[in-house]
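Just below is one structure, and these are the notes that go with it.
We did not get these values from a lab; they are worked out from the coordinates using the rules stated. Remember, it's a predicted structure, so these values are computed and weren't measured experimentally. In this analysis, Cβ positions are derived from the backbone assuming ideal geometry, glycine residues included, and neighbour counts consider all displayed protein chains.
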Amino acid sequence: MVTLEEVKLTAKNNMSICKMCRVCNGETCRGWTPGPGGKGSGSSFVRNVAMLKQVTLNMRVLRQDAEVDSSFDFFATKLSAPIMAAPIANVKINYGSSVDEKSYLNALGHGCKQVGLLAFLGDGANREAFEMPLNLHKELFESTVMTIKPWLLDQVFSKMSEVKECQPKAIAMDVDAAGLILLKQMGVPAAYKTVEDLKKIKDFAQVPLIVKGVMTLEDAQAALDANVDAIVVSNHGGRVLDDCASTVEVLEEIAVFVNKRCKVYVDGGFRSGADVFKALALGADAVLIGRPFSHMAIGGLQEGVAMYANKLIEEFRECMRMTGCITLEDIRRNCVNVNF
Ligand SMILES: Cc1cc2nc3c(=O)[nH]c(=O)nc-3n(C[C@H](O)[C@H](O)[C@H](O)COP(=O)(O)O)c2cc1C
């Protein structure tokens, strides 16, 4: 049985670009896009991680003794906790990974399924970059969600038709991918989407639509106008706009504004179960975690992913216990302090 530290060491050896830092906080890889880092000065990635540390938990132990229930409902699929792996594509180009994309995706999907979590899968410019995650989605079905890039509408519909054949629980779209350097370099820039476009995509999907990449009230309103089912408060891990606000800074305001009219998920810099707890206290329904999951897949395949996922779930449950929260509904704003 390997340890988490051993998996991290193997990950380091299996990657020629990512340095596998002690804390994955965007400092070393500032500006490494393509690569694992944040765009430009890299400050958006760094800020995502740093601002989360400005949120602290309120301990509460004088309460009834009861076991916590961290289970989470994802569009009628029960997960062990409100934690999901974020879509991360192209591990060869971005990490210099010696583990190939197919093995990496398999590890991510099967590792999450093993512990009752769910993995979002990415999409790419060429046929193979779409087909590989799609095949895994066919195999693992409700333990995975396909994330289609915001291509021109004809291509979106064509890809969605193939995803719909899997009778998915939901389909996601990373609408912020219009800012991705790699896609621009490949000559296949993703397109910005209007409310009308989103409405057409939502109509076509016929399953819950998750819009990933909302950072403002204006974009949250646009997503609501299109009747989407969930938004992900996300700046793509700091990879699409330099000097962007961190996701935890805008989360509460967006969640209050949305007021349960759709689900609110968040990602960017979340590393521990405590970080997940903070997001829920600030109004999120669930959290996506990106880079650490891909490190674990590259370093320890399915076992590495499951090990990290179990650690996250246990840390999250420990935070629930120590703050007097028995169910997810008990995790409220008064469980945390925001020091920014
Ligand atoms: C190397 C890399 C590749 C990514 N590829 C995708 C992708 O294909 N689709 C997508 O929606 N997001 C993609 N993302 C963004 C992640 O889904 C997520 O928003 C971000 O990584 C969350 O921040 P974290 O890594 O700090 O947890 C990628 C991020 C990285 C670092």
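For the chain, the Kirkwood estimate of the hydrodynamic radius, built from every pair of different alpha carbons, is 19.8 Å. Pairs exceeding a 26 Å alpha-carbon distance, out of K113/K193; K78/K164; K138/K184; K39/K164: K113/K193; K138/K184; K39/K164. Between Q302, Q114, Q64, the Gaussian network model of the chain with springs among Cα atoms under 10 angstrom shows the greatest mean-square fluctuation at Q64. Highest mean first, the peptides 232-243, 31-42 sorted by other C-beta atoms within 10 Å per residue fall in the order 232-243, 31-42.
Using the alpha-carbon positions of the range 1-110, Rg (one decimal) and Dmax (whole number) come out as 17.9, 51 Å. From least to most packed, judged by other beta carbons within 10 angstrom and beginning with the fewest, L9, L117 follow the order L9, L117.
Applying a threshold of 31 Å to the alpha-carbon distances of K200/K263; K159/K263; K12/K260 flags K12/K260 as lying beyond it. Mean separation of Cα pairs under 8 Å and 6 or more residues apart, divided by the residue count, gives the range 99-157 a relative contact order of 34 percent.
Using the structure shown, list the pairs from K102/K169; K149/K311; K92/K169; K199/K278 with a Cα-Cα distance above 27 Å, or answer none. Too far apart for the 27 Å limit: K149/K311; K92/K169; K199/K278.
Using alpha carbon coordinates only, what is the Rg to Rh ratio of the range 237-301, with Rh defined as the Kirkwood radius? Radius of gyration relative to Kirkwood radius: 1.02.
Longest stretch of the chain clear of exposed loop sites (GluC sites (Glu not before Pro), DSSP loop, at most 12 other Cβ atoms within 10 Å, sites excluded): 166-340.
Derived from the Cα gyration tensor, the three semi-axes of the equivalent ellipsoid of the range 71-220 are 22, 20, 15 Å, largest first.
Residue ranges 143-154, 279-290 sort as 279-290, 143-154 when ordered by packing (mean number of other C-beta atoms within 10 Å per residue, highest first).
Across the range 62-71, computed HN-Hα scalar couplings (Karplus, 6.51 cos²θ - 1.76 cosθ + 1.60, θ = phi - 60°) run 8, 7, 5, 7, 8, 6, 7, 10, 9, 5 Hz from first to last residue, x flagging Gly and Pro.
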